[in-house]
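Below: the structure, in structure tokens.
The values are calculated or read from the model by the stated rules, or taken from the named source; none is laboratory data. Bear in mind that the values here come from a model prediction, so they are computed numbers and not experimental data. We place every Cβ from the backbone using ideal geometry, glycine too, and count neighbours over all the protein chains shown.
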């Protein structure tokens with residue numbers, strides 16, 4: 001059947017132009033040359049380099065969750081946490097010394113690494129009154145919630161973390177959690193009482209127990225390592241060593257921890273289970289560029305996101321860190337596939353993956369919004385003074401907080417304030433006559449508003465997260481809205 005095409009030289013029938021390749025194509029990666037559809041040697045070399053490059057970028061973006069969990073693992077090990085009964089605790093809250101993705105200054109963290117290869121099936125006993133807790137696997141996927149959002153519902157309970165193929169007994173009265181990976185992260189939170197961490201710290205020290213099931217008859221004594229004031233790193237690399245971190249995960253974990261598609265992507269750049277990752281000079285140079293572009297792309301997704309749905313409100317700059325509202329990072333319950341940019345948006349900036357983040361829980365849990373730019377869309381400047389206006393009746397049953405972060409490390413901003421934040425429960429804030437409150441950011445406090453001030457650093461950028469603990473309906477229906485970050489007006 002004729003399609004109206006002319007018969008080119010060398011053919012007997014009309015050939016659709018759309019299936020032909022010109023001898024010369026000018027592309028964004030340069031001029032591509034062909035001899036009757038066969039790429040020249042020079043063009044072939046250019047294309048192979050480009051293919052290795054784009055796959056390196058894809059590995060960076062798709063594997064941020066695994067690199068981040070591995071960095072957490074390495075950070076905990078640097079503190080001497082080499083057994084499950086050794087737990088890091090922010091007994092005086094998390095200050096700005098550690099490198100810890102958008103950690104908060106509002107709750108007492110208790111953190112432990114569960115290694116099923118090392119310890120076998122592992123028991124976690126959480127005390128009554130424990131706040132939100134979660135176990136995530138080596139690819140930062142949800143395994144189980146504990147504490148308030150977990151099956152114990154805050155009454156305390158005994159959990160057993162086992163590999164997917166476990167066929168042993170589950171003790172009566174125990175909540176079972178199966179995981180595809182050997183290394184898993186346990187993170188628990190305890191709330192402030194009267195603005196102080198003491199009660200939650202005591203709750204964990206006296207009631208939290210983590211031990212191998214094999215040692216259930218005589219569990220090892222718990223060891224708690226305070227991380228308040230400690231200097232350590234839990235953040236993945238943003239240079240070519242990122243791929244070494246991913247290789248470590250691939251070599252350690254069972255092959256089935258990731259799907260064949262992802263395994264194939266990793267293998268295409270030389271990361272394959274059971275084989276040495278040893279890129280030659282050409283490949284390492286390409287991966288160096290790929291990591292730089294991958295890192296830059298993740299930063300564009302986080303700080304200059306183009307998806308209109310990332311905005312919490314239609315009239316201001318606040319954005320969600322949980323685009324799409326699905327902890328599996330699926331569009332339309334999977335009909336639209338994986339929401340890749342949403343996954344990058346979250347894991348480049350934050351930790352802890354749980355369905356509770358996607359649920360509307362009035363009066364329970366927590367909700368978040370981030371301000372990456374000011375009201376005019378400009379990057380926030382540590383040399384300038386800004387004001388955030390919080391209207392009266394902030395819809396938080398428990399309390400709310402504002403924390404300032406460093407855009408480089410995505411950790412708490414390091415200033416003269418060890419806790420770069422303001423908290424409605426902990427701090428003696430000055431409120432306006434109508435019940436509203438203004439939070440100030442800048443290198444110097446405005447006179448008379450020192451209690452409402454978060455220090456910034458001249459020559460450095462910053463961003464902030466607003467947290468509501470026990471969010472109320474006015475947050476969800478948006479009848480209450482925070483102001484944008486605006487240049488401060490002299491009083």
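Just a few scattered comments:
- Taking region 167-250 as the region of interest, the strands (runs of 3 or more DSSP E) fully inside it that hold 3 or more residues being under 22 Å from residue 344 (Cα atoms) are 183-191.
- Checklist (1) touching a residue at least 24 places away in the same chain (Cβ under 8 Å); (2) assigned by TED's automatic domain parsing to the domain that holds residue 94 applied to residue 217, failing item: (1)
- Some residue of region 187-210 being more than 20 Å from residue 97 (Cβ to Cβ) and under 19 Å from the mean Cα position of the chain (by Cα): yes
- Test result for residue 274, farther than 30 Å from residue 158 by Cα and surrounded by fewer than 19 Cβ atoms within 10 Å (Cβ to Cβ): yes
- Take the conditions (1) over 23 Å from the mean Cα position of the chain (by Cα); (2) buried (at least 19 other Cβ atoms within 10 Å of the Cβ); (3) part of a loop (DSSP other than H, G, I, E, B); residue 439 misses just one of them, which is (3).
- Lone unmet requirement of (1) surrounded by fewer than 19 Cβ atoms within 10 Å (Cβ to Cβ); (2) within 21 Å of residue 328 (Cβ to Cβ) for residue 231: (2)
- Pairs linking a residue in region 41-60 that is closer than 10 Å to residue 29 by Cβ to a residue that is modelled with pLDDT under 95, with Cβ atoms under 6 Å and 6 or more positions apart or on different chains, do not occur.
- Subset of region 142-151 (residues that are outside any strand (DSSP E or B) and buried (at least 21 other Cβ atoms within 10 Å of the Cβ)): 148, 149, 150
- Only a single criterion out of (1) buried (at least 17 other Cβ atoms within 10 Å of the Cβ); (2) in the same structural domain as residue 201 (by TED's automatic domain parsing); (3) out of contact with any strand residue (DSSP E or B) (no Cβ under 7 Å at 6 or more places or on another chain) is not satisfied by residue 222, namely (3).
- Restricting 26, 82, 137, 117 to those that are in contact (Cβ under 8 Å) with a residue 12 or more places away in the chain, surrounded by fewer than 21 Cβ atoms within 10 Å (Cβ to Cβ) and either farther than 25 Å from residue 352 by Cβ or touching a helix residue (DSSP H, G or I) at 6+ places or on another chain (Cβ under 9 Å) (or both) reduces the list to 117.
- When we screen 433, 428 for residues that are within 23 Å of residue 196 (Cα to Cα), surrounded by fewer than 16 Cβ atoms within 10 Å (Cβ to Cβ), without any contact (Cβ under 8 Å) to a residue 24 or more places away in the chain and in the same structural domain as residue 397 (by TED's automatic domain parsing), the only hit is 428.
- Only one of the numbered conditions (1) assigned to a loop (DSSP other than H, G, I, E, B); (2) touching a residue at least 24 places away in the same chain (Cβ under 8 Å); (3) surrounded by fewer than 18 Cβ atoms within 10 Å (Cβ to Cβ) is violated by residue 415, and that is (3).
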